[in-house]
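The values are calculated or read from the model by the stated rules, or taken from the named source; none is laboratory data. None of the values given here were measured: they were computed from a predicted structure. Here the Cβ positions follow ideal geometry from the backbone for every residue, glycine too, while neighbour counts run over all protein chains shown. Only protein heavy atoms, including side chains, enter the accessible area calculation; ligands, DNA and RNA are left aside. Shrake-Rupley method; radii C 1.70, N 1.55, O 1.52, S 1.80 Å.
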Amino acid sequence: MAADYDLLVIGGGINGTGIARDAVGRGATVMVVEMGDLAGATSSASTKLIHGGLRYLEYYEFNLVRKALKEREVLWRAAPHIAWPLRFILPHHKELRPAWFLRLGLFMYDHLGGRKLLPATKTVRLDQAPFSQGLKKLFKKGFEYSDCWVDDARLVALNARDAADRGAEIVTRTKCVSARRDGDVWKVLLKDMVTGEEKTVTSSVLVNAAGPWVAETLSGVAGANKSSRIRLVKGSHIIVPRQFDHDRCFIFQNGDGRIVFAIPYENDFTLIGTTDVDFQEDLGKVEISQDEVDYLCQAASEYLETPISSSDVVHTYSGVRPLYDDGAKDAKAATRDYVLELDAGEGKPAVLSVFGGKITTYRKLAEEVLSKLEPHLPFKRGVWTALAPLPGGDFRLDEFDAQVSALEKDYPFLDKVFATRLIRLYGTDSRKILAGAKEASDLGRCFGYNLYEAEVKWLIHREWARTAEDVLWRRSKLGLRLNKREAGELDAFMTGYLADQTGAAA
């Protein structure tokens, strides 16, 4: 029988939305089912880097590093509003890795990935301005290299947006209860987590991109007898007041062989992370432990002139990485590459499960997924995402400042901080949010900082936001700016507005 969809994707994280976007762009009919909010788990809890993974060279993960390095400039071009270059400084710690070893690793890092736009590595003095500010005086020399930054949760939302604009159906707050083969299709039972309503849909192919729930979904939902082993590893971050006046990031080596990043964050803060801790607890309650807070504070304080402690922490976040279990002894050594497991046979519909993966390689992962599915789901078109901008990203890499200036000029009631924030989140779509506004009051109610009703409604209607948490911590990082009362008022507004919308639709 004819299926409702060619492809049903379980999981609204970066891999699920990336696969959906690519597939619908090739002519497939696609549905994405997410039991919570888009990027509600691991995909909003990364270090927010588009990087090759310098430390993976020590584990001889050359193919992973090369694949990731090649993606840096591809993703930057696709989303110059939410992604941009960063320069990282790796201080030379005499008691840890020798200088020649660091320089060799960075030479490989510069040349493995076809770098064209990002500047190369160079040696810098850490006992002179500007990089001496904030660091202990014992660090004299460092190596400065390039990687990129990305707003991870917005990357997910924009992939979902683009998929939906091309015809995909994105359904959040909906759980895939079961999936069973029925002839040549999958019969999938879905449950609305808000209303409790259930419905059944059919799909020719199933993609299990459920992240930390991938093994549970394959066995408990799809009824598979076995699946590859998955290693759940928790990574946590802390946010503290800004530690440096300059715009460089630091990558600190630790005595245990790990590294910790200290990255400028949201103008007034510094992001420090991450940890690697094996996780066997409730996936619905992932949070930082006091041991992790102490570890990150101690690791950074090894380098900082003014030590930091848990009392300096203004916010934390944690996520669980669904790594493929390659048998590594330590969590930090477990492979970060992805494994794609296809279950298909003569006359039975295929299911493909995604184990592992990184934000950086999500686009390549999607291409490889669809390549594996091609025999089971012939596409009308071939690969296409490498040159296609994400929503709002249709401007040149060197035009960000010009976009901000033009927005300020066309909407004089915006100050530079507000205009910059809008372009950083929405790019050229900022004008759709502001359309017709002559003064700030035309944007409706202000909930705090510079968050107005017009933006909130855009996020509800175009980006599947349903709660204040969706808006303040995933679609934006304004949770760092709004107080508890303001956040509560935003949540109450959204609840009432959504109820009115539902009533009007009925």
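Worth a mention:
- Tally, over region 91-116, of residues that are assigned to a helix (DSSP H, G or I) and open to solvent by 20 Å² or more (accessible area, probe 1.4 Å): 9
- Scanning region 216-258 for residues that are more than 21 Å from residue 89 (Cβ to Cβ), surrounded by fewer than 21 Cβ atoms within 10 Å (Cβ to Cβ) and in contact with a Ser or Thr (Cβ under 7 Å, 6 or more places away or on another chain) gives 219, 227.
- Here residue 320 meets each of (1) hydrophobic (A, V, I, L, M, F, W, C); (2) under 19 Å from the mean Cα position of the chain (by Cα); (3) assigned to a loop (DSSP other than H, G, I, E, B) with one exception, condition (3).
- Hey, residue 472 at pLDDT 95 or above, buried (at least 16 other Cβ atoms within 10 Å of the Cβ) and within 24 Å of residue 168 (Cβ to Cβ) or not: no
- Residue count for region 136-153 under the criterion of being out of contact with any strand residue (DSSP E or B) (no Cβ under 7 Å at 6 or more places or on another chain) and under 21 Å from residue 68 (Cα atoms): the result is 3.
- Meets criteria (open to solvent by 30 Å² or more (accessible area, probe 1.4 Å), of a type outside the set (S, T, N, Q) and over 25 Å from residue 284 (Cα atoms)) for residue 343: yes
- Considering residues of region 162-209 that are open to solvent by 50 Å² or more (accessible area, probe 1.4 Å) and not charged (D, E, K, R) only, the residue nearest to residue 427 (Cα to Cα): 167
- Scanning region 291-309 for residues that are outside any loop (DSSP other than H, G, I, E, B) and either among the aliphatic types (A, V, I, L, M) or loosely packed, with under 14 Cβ neighbours inside 10 Å (or both) yields 291, 293, 294, 296, 299, 300, 304.
- Exactly one residue out of 60, 56 is free of Cβ contacts under 8 Å to residues at least 40 places away in the same chain and open to solvent by 20 Å² or more (accessible area, probe 1.4 Å), and it is 60.
- Conditions (1) aliphatic (A, V, I, L, M); (2) touching a strand residue (DSSP E or B) at 6+ places or on another chain (Cβ under 7 Å); (3) under 16 Å from residue 15 (Cβ atoms); number of the one not met by residue 156: (2)
- Residue in region 337-350 that is within 25 Å of residue 51 (Cα to Cα), among the hydroxyl-bearing types (Ser, Thr, Tyr) and outside any loop (DSSP other than H, G, I, E, B) present: no
- Some residue of region 461-484 being of a type in the set (Asp, Glu), over 25 Å from the mean Cα position of the chain (by Cα) and within 26 Å of residue 155 (Cα to Cα): no
Conditions tested, residue by residue: (1) at pLDDT below 95; (2) of a type in the set (D, E, K, R); (3) touching a strand residue (DSSP E or B) at 6+ places or on another chain (Cβ under 7 Å).
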| position | (1), (2), (3) |
| --- | --- |
| 276 | yes, yes, yes |
| 288 | no, no, yes |
| 317 | no, no, yes |
| 327 | yes, no, no |
| 337 | yes, yes, no |
| 352 | no, no, yes |
| 357 | yes, no, no |
| 368 | no, yes, yes |
| 387 | no, no, no |
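- Qualifying residue in region 163-177 (condition: among the acidic types (Asp, Glu) and in contact with a strand residue (DSSP E or B) (Cβ under 6 Å, 6 or more places away or on another chain)): yes
- Residues within region 346-359 that are over 17 Å from residue 212 (Cβ atoms) and open to solvent by less than 30 Å² (accessible area, probe 1.4 Å), tallied: 4
- Every test in (1) under 23 Å from residue 248 (Cα atoms); (2) out of contact with any strand residue (DSSP E or B) (no Cβ under 8 Å at 6 or more places or on another chain); (3) open to solvent by 20 Å² or more (accessible area, probe 1.4 Å) is passed by residue 85 save one, and that test is (2).
Table: residues versus (1) open to solvent by 30 Å² or more (accessible area, probe 1.4 Å); (2) acidic (Asp, Glu); (3) in contact with a Phe, Trp or Tyr (Cβ under 7 Å, 6 or more places away or on another chain); (4) at negative phi.
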position	(1), (2), (3), (4)
410	yes, yes, no, yes
420	yes, no, no, yes
429	no, yes, no, yes
462	yes, no, no, yes
477	no, no, no, yes
484	yes, no, no, yes
500	yes, yes, no, yes
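- Test set (1) within 21 Å of the chain's Cα centre (by Cα); (2) assigned to a loop (DSSP other than H, G, I, E, B); (3) modelled with pLDDT of 95 or more - residue 31 fails condition number: (2)
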